[in-house]
Amino acid sequence: MFWLLVLMNMAAYFNIGFKIMCLISIIYLLNATADNFVVFAGLVNFDDRPYLSVFIFSRPLFFVSIIWAGIVYDDAIADN
């Protein structure tokens with residue numbers, strides 16, 4: 001996910017393919033979420049692993065922020 005965020009930042013800076021990077025990030029997050037809840041269901045425990053559990057439960061906020069960034073982003077260069 002780190003490299004996807006780096007590529008999203010570069011795409012926003014150079015104004016090339018930002019919405020595609022948002023879509024790729026959403027697909028990656030959906031896959032990782034399914035893996036966490038199906039394969040690694042035993043890891044979600046606040047008593048043993050509070051930091052990992054907070055990361056897993058804060059993922060919907062990350063979904064919303066990436067979707068919002070993809071919708072709001074305007075790829076047209078404004079004349080100043």
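Listing for the model above:
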| read-out | value |
| --- | --- |
| Within region 46-58, tally of residues that are surrounded by fewer than 15 Cβ atoms within 10 Å (Cβ to Cβ) and either of a type in the set (Phe, Trp, Tyr) or assigned to a helix (DSSP H, G or I) (or both) | 6 |
| Residues being in a helix (DSSP H, G or I), of a type in the set (A, V, I, L, M, F, W, C) and at pLDDT below 90 - total across region 30-45 | 6 |
| Total residues in region 9-29, condition assigned to a helix (DSSP H, G or I), in contact (Cβ under 8 Å) with a residue 24 or more places away in the chain and either exposed (fewer than 12 other Cβ atoms within 10 Å of the Cβ) or not β-branched (Val, Ile, Thr) (or both) | 8 |
| Tally, over region 30-75, of residues that are free of Cβ contacts under 8 Å to residues at least 12 places away in the same chain, acidic (Asp, Glu) and closer than 22 Å to Ala11 by Cα | 1 |
| Filter result (of a type in the set (A, V, I, L, M) and either under 19 Å from Trp3 (Cα atoms) or touching a His at 6+ places or on another chain (Cβ under 6 Å) (or both)) within region 16-55 | Ile16, Ile20, Met21, Leu23, Ile24, Ile26, Ile27, Leu29, Leu30, Ala32 |
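The values are calculated or read from the model by the stated rules, or taken from the named source; none is laboratory data. This structure is a prediction, so every number in the text was calculated from the model and none was measured. Cβ: placed from backbone, ideal geometry, glycine included. Neighbour counts: every protein chain shown.
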